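What follows is a set of notes on a single structure, which appears directly below.
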Amino acid sequence: MDLKKWLIYNALGMTFALILALATDTILWLPTIAFGAFTYLFYHSKPATRNSYANQITAFRFLLSTITALSVGSLSSHFAFFLFGTAIALDGLDGYLARKYNQATELGGLFDMTTDAYLVLILSFLLVKNHEVPYWILSIGYLHYGYTLLIHSLDWQDLIIPKNPIGKYVAAFLFISLLSPFILTTTFHLPILYLSSSLTLGSFMLSFWYKYKASVIS
């Protein structure tokens, strides 16, 4: 299976899903299309990959965040914060298990990365819909997919670049900021969202700069 092609198709699918979600004012499109994409990914993977502890944890994260997003209207803000927080906190566990049991694979890394991107997008959508957060936050939620399509359009997807030195720290702060509206007032959570969004944009721009330099050298 060509994972790079899957990544592009997933980005296109989630772009379409976001357009439909905004047009119909319902989040349902996002998990529906994401579930289809992940199901296809696993259907074409090896049984050992599907059954690895790390990928099972990632699949649980996806399902937990999806169920929480679909039922958030009937949950208290604090309980939704706890459930989404659990899905986010487990992010480190899948990587640990992959290393501990020598189960690290390219597919597993892709599944983990796109699950994180999915979480960012659904949280961004929910904040706009339920917590009076400005619509621009959706641009941050969509950054991963937009960046993927941009790099593909420039034919830079195969360029090797250094690891982003701030990427994981910025991502952790972004997740914290996306959870903050569930438990903090607007006075506190909006400045946090502004700061994390600026840092996230800067992190993507740094990765883009690395790609650009690699393209010049090649």
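The numbers here are math on the coordinates, done by the rules we state, and not lab data. Predicted model, so just to flag it, every value in this text is computed and none were measured. Because the Cβ atoms are built from the backbone with ideal geometry, glycine has one as well, and the counts that use them run over all protein chains shown.
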Take the alpha-carbon centre of segment 7-28, take the same for segment 90-166, and report the distance between them in whole Å.
15
Which of Thr186, Leu127, Thr200 sits farthest toward the positive end of the charge dipole of the chain, with +1 on the Cβ of Lys and Arg and -1 on the Cβ of Asp and Glu?
Thr200
Go through Ala89, Pro47, Leu174 and say which Cα lies farthest out towards the positive end of the charge dipole of the chain; charges sit on Cβ, +1 for Lys and Arg, -1 for Asp and Glu.
Pro47
Which one, Asp116, Asp158, Asp94, has the greatest fluctuation when you compute a Gaussian network model over the chain with C-alpha springs under 10 angstrom?
Asp158
What nm value, rounded to one decimal, do you get for the distance between Lys46 and Leu150 when each label is placed 7 Å out toward the C-beta?
3.6
Between Ala21, Ala34, Ala87, find the one with the highest GNM mean-square fluctuation for the chain; connect C-alpha pairs within less than 10 Å.
Ala21
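Please label the shape of segment 1-114 as rounded, prolate or oblate, based on the square roots a ≥ b ≥ c of the eigenvalues of the alpha-carbon gyration tensor (a/c under 1.5 means rounded; beyond that, a/b larger than b/c means prolate, else oblate). Intermediate results must be reported in sequence, preceding the final value.
Working: a/c = 2.64, a/b = 1.25, b/c = 2.12.
Oblate shape, in that a/c is at least 1.5 and b/c is the bigger or equal ratio.
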In the Gaussian network model of the chain, springs joining C-alpha atoms below 10 Å, which of Thr58, Thr105, Thr200 carries the largest mean-square fluctuation?
Thr105
Amide N of segment 159-181 lying under 19 Å from the label point, which is placed 7 angstrom from the Cα of Arg99 along Cα→Cβ:
163-173
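By the gyration tensor of its Cα atoms, with a ≥ b ≥ c the square roots of the eigenvalues, what is the shape of segment 66-112: rounded for a/c under 1.5, prolate for a/b over b/c, or oblate?
Values: a/c = 5.21, a/b = 2.56, b/c = 2.03.
Prolate shape, in that a/c is at least 1.5 and a/b is the bigger ratio.
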Across the chain, what fraction of all alpha-carbon pairs, as a whole percent, falls in each successive 10 Å bin from zero upward?
8, 32, 39, 18, 3, 0
Quick one: if you stick a label point 7 Å off each Cα along the C-beta vector at Ile176 and Trp209, how many nm between them?
2.4
Stretch gain in nm, segment Thr39-Ile161, where the contour uses 0.36 nm per residue and the Cα spacing is subtracted:
41.0 nm
Choose one of Ala21, Tyr118, Thr32: the residue whose Cα lies farthest towards the positive end of the charge dipole of the chain (beta-carbon charges +1 Lys, Arg; -1 Asp, Glu; about the Cα centre).
Tyr118
What spacing in nm lies between the two simple spin-label points modelled at Leu28 and His131, each 7 Å away from Cα in the Cβ direction?
2.5
